[in-house]
Amino acid sequence: MRFGVWFVFLLLASIATVSHSYDDGMETSDAKSSWPEVVGKTGEEAVAIIQREDENVKAVIVPENAFVTMDYRTDRVRVRVNANGIVVSAPTVG
């Protein structure tokens, strides 16, 4: 029984720590969340535009068929490009 009590205690303590450890300090309601105007541009041009318009995000270029993590981050924008380096879909926050 003692093990079960400690396990529950440690589990609850870790959940409380994780839930309070992430605060990006950014209001997403007013911030731009999508850049459809960069579709057709090069990945580098798109990254420059996105980071110029929102300095709170880091834009990263990824191949259009690349596997990526599914975690949602308000400080990241993935710019999907084809084999020629051209943006193929509207980059979005996440």
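The values are calculated or read from the model by the stated rules, or taken from the named source; none is laboratory data. All of these numbers come straight from a predicted model, not from anything done at the bench. Neighbour counts run over all protein chains shown; Cβ positions are idealised from the backbone, glycine included. Protein only, heavy atoms only, side chains kept; ligands, DNA and RNA dropped before computing areas. Shrake-Rupley method; radii C 1.70, N 1.55, O 1.52, S 1.80 Å.
Annotations for the structure displayed:
- Looking only at segment 54-94, residues that are basic (Lys, Arg) and touching a Ser or Thr at 6+ places or on another chain (Cβ under 9 Å) come to 2 in all.
- Test: residue in segment 6-27 that is at pLDDT below 95, open to solvent by less than 40 Å² (accessible area, probe 1.4 Å) and either in a strand (DSSP E or B) or out of contact with any His (no Cβ under 8 Å at 6 or more places or on another chain) (or both): yes
- Per-region count, segment 38-61, residues surrounded by 10 or more Cβ atoms within 10 Å (Cβ to Cβ) and either out of contact with any helix residue (DSSP H, G or I) (no Cβ under 8 Å at 6 or more places or on another chain) or at pLDDT below 95 (or both): 11
- Any hit, segment 79-94, residues being under 11 Å from the mean Cα position of the chain (by Cα) and open to solvent by 50 Å² or more (accessible area, probe 1.4 Å): yes
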